[in-house]
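Here is the structure we will look at, set down as structure tokens.
The values are calculated or read from the model by the stated rules, or taken from the named source; none is laboratory data. Nothing here was measured: the structure is a model prediction, and the numbers come from that model. Cβ sites come from the backbone with ideal geometry, for glycine too, and all protein chains shown count toward neighbours. The accessibility values were calculated without ligands, DNA or RNA, using every heavy atom of the protein model including side chains. Shrake-Rupley method; radii C 1.70, N 1.55, O 1.52, S 1.80 Å.
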Amino acid sequence: MQHIGIIGVGEIARAVVDGLSDGVENPPRVHLSPRGARAAAELAGRYANVGVCASNQEVADRSDLVIVAVRRPDAHDALAGLRVDERTVVVSVVAGLSLADLRRAVGPGASLVRAIPLPPVRERRCVTVTYPSHPAVDAFFGRLGEALPVADEAAFNVMSALTGTLTTHYAFLATLATWAAGHGLAPEEAERYVRGLFGAAGRSLADESRSLHRLAADHETPNGLNERVRTTWFDPANAETLAKVLDAVLADLG
């Protein structure tokens with residue numbers, strides 16, 4: 001698909017545009033909505049293949065694939081009155097907006113897909129969950145890394161709930177750096193080491209021959225430092241609390 005429309009120009013939309021455009025030969029045309037005018041203008045100024053439309057309807061009229069990337073409370077207003085051609089595919093990246101809700105908003109014609117792109121689409125190395133599987137949509141996200149179609153909307157919502165842990169991970173790392181700075185390290189030195197430590201550890205995730213439990217076991221020794229922190233801090237009660245929070249998030253998404 002060579003004409004991509006995006007309604008709502010927030011962080012994920014910016015990452016998608018970067019992934020489609022930065023250093024890419026023959027990039028697709030990208031048509032941005034006027035929502036998020038400053039970000040849209042900045043992207044149009046940076047990339048020759050990107051333009052800003054006068055309305056959401058113009059985005060839909062110009063595009064083969066339309067990505068809806070607004071916040072959930074804004075979805076109704078953003079899609080109100082939108083007419084979508086039956087040849088157009090609409091991809092919602094709005095957390096918690098079901099296919100049924102999306103269908104009520106855009107009408108009976110267009111093909112509808114939900115997706116969970118994350119910021120690594122910017123580097124074209126994101127695993128993007130999709131539902132239902134659609135050849136054009138899966139190929140589109142394949143250009144930005146990899147598409148991971150799931151069997152049903154319930155599975156999709158579980159995946160969506162998992163994304164709610166992302167900033168907790170960053171906050172955990174920030175807490176480690178702050179602790180180290182409190183014990184005498186320069187803050188920038190502490191941050192640099194924490195980033196390097198977990199950036200290197202993260203690369204081991206590419207080894208899919210080992211389960212996550214196996215990776216954890218392989219990175220600690222009996223009675224060692226890692227085992228001590230894991231069993232003392234991330235104990236069964238802590239793990240249960242995390243599961244309860246995720247259950248609550250999943251209930252909201254359903």
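Go through segment 16-61 residue by residue and tally those that are over 21 Å from the mean Cα position of the chain (by Cα), part of a helix (DSSP H, G or I) and of a type in the set (V, I, T).
Selection size over segment 16-61: 1.
Can you find even one residue in segment 238-254 that is assigned to a loop (DSSP other than H, G, I, E, B) and open to solvent by 60 Å² or more (accessible area, probe 1.4 Å)?
Yes, segment 238-254 has at least one match.
Which residues, taken from segment 204-237, are of a type in the set (K, R) and not in a helix (DSSP H, G or I)?
Once the filter is applied, which keeps residues that are of a type in the set (K, R) and not in a helix (DSSP H, G or I), segment 204-237 yields only R210.
All but one of (1) at pLDDT below 95; (2) under 21 Å from the mean Cα position of the chain (by Cα) hold for E86; state the number of the condition that does not hold.
Condition (2) is where E86 drops out.
State yes or no: is A154 farther than 18 Å from V16 by Cα, part of a helix (DSSP H, G or I) and open to solvent by 10 Å² or more (accessible area, probe 1.4 Å)?
yes
Identify, please: which residue in segment 3-29 is touching a His at 6+ places or on another chain (Cβ under 8 Å) and open to solvent by less than 40 Å² (accessible area, probe 1.4 Å) and is, among those, nearest to V137 (Cα to Cα)?
In this case the residue turns out to be I4.
Check I67 against each of (1) more than 30 Å from A151 (Cα to Cα); (2) touching a strand residue (DSSP E or B) at 6+ places or on another chain (Cβ under 6 Å) and name the one condition it does not meet.
It is condition (1) that I67 fails.
Checking R195 against (1) open to solvent by 50 Å² or more (accessible area, probe 1.4 Å); (2) under 29 Å from V24 (Cβ atoms); (3) at pLDDT below 95, which single condition isn't satisfied?
(3)
Filter segment 72-94 for residues that are open to solvent by 60 Å² or more (accessible area, probe 1.4 Å) and either free of Cβ contacts under 8 Å to residues at least 24 places away in the same chain or in contact with a Ser or Thr (Cβ under 7 Å, 6 or more places away or on another chain) (or both) and give the result.
Matches in segment 72-94: P73, D77, R87.
Cβ-Cβ below 7 Å, separation at least six or inter-chain, first residue in segment 182-203 and within 20 Å of N226 (Cα to Cα), second in a helix (DSSP H, G or I): which pairs?
Qualifying pairs under 7 Å: A190/A177; A190/A180; A190/A181; E191/A177; V194/L173; V194/L176; V194/A177; F198/L173.
When residues of segment 108-130 are filtered for being part of a loop (DSSP other than H, G, I, E, B), in contact (Cβ under 8 Å) with a residue 24 or more places away in the chain and over 18 Å from V70 (Cα atoms), how many remain?
The number of residues fulfilling the criteria is 3.
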